[in-house]
Amino acid sequence: MIWARRITLLVLLVIVLACLAPLASYLWSEWAAAKWGCDFGLALSQDGCVVDGVDRAPILMKTYSAVALLVVTLPVAFVCAIVGIIVLAKRPKPQDD
């Protein structure tokens, strides 16, 4: 029974981390644009972001657009966190040997 509880919590943790991936993608794109000295946001698509002769604007815009997925993934992460708290709050039943 304890193994099932641990596996459930591990699966919930993996789901929560996967749901936070769009947020990490957005934060990376903002950090990379600042590091490369580019204007972030809509100006990125107009002016571009040339680093070492390569335009990095398309990859930054793709990662920036992942923010829209947060509308779906954050509620899923919230529900998984609540379920995880409920699983942790329940005391495991003593096993009969």
- What percent does the relative contact order of the chain come to when contacts are Cα pairs within less than 8 Å and at least six residues apart? 39
- Disulfide-incompatible cysteines by the Cβ rule (no partner under 4.7 Å) in the chain: 19, 80
- Could you tell me which of 92, 12, 70 has its Cα farthest along the dipole of the chain towards the positive end, charges placed at Cβ (Lys, Arg +1; Asp, Glu -1), taken about the Cα centre? 92
- If amide H atoms are built 1.01 Å from N in the plane of the peptide, which residues on other chains or at least 5 residues away come under 5 Å of the amide H of residue 49? 56, 57
- Query: If the cut-off is a Cα-Cα distance under 27 Å, which lysines reach residue 35, setting aside same-chain residues fewer than 8 apart in sequence?
  - Reply: 62
- Item | At q = 0.10, 0.19 Å⁻¹, base-10 log of I(q)/I(0) for the chain (Debye sum, equal scatterers on each alpha carbon) | -0.44, -0.86
- DSSP loop chymotrypsin sites (Phe, Trp or Tyr not before Pro) in segment 1-73 with at most 12 other Cβ atoms within 10 Å of their Cβ, which ones? none
- Message: At 18 angstrom or more along the helix axis (alpha-carbon based) and mean Kyte-Doolittle of -0.5 or higher, what helices does the chain contain? Whole DSSP H runs only.
- Response: 2-19, 21-36, 70-89
- Item | Computed [θ] at 222 nm, helices only, for the chain once each DSSP H run of length n ≥ 4 contributes -39500 (n - 2.57) | -23000 deg cm²/dmol
- Size of the dipole of the chain about the Cα centre, Lys and Arg at +1 and Asp and Glu at -1 on the beta carbon, nothing else charged, in debye to 20? 580
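Throughout, read-outs are computed from the coordinates displayed, never taken from laboratory work. Only a predicted model underlies this, so the values are computations on that prediction, with no experimental measurement involved. When we count neighbours, we look across all protein chains shown, and the Cβ atoms used for this are built from the backbone with ideal geometry, even at glycine.
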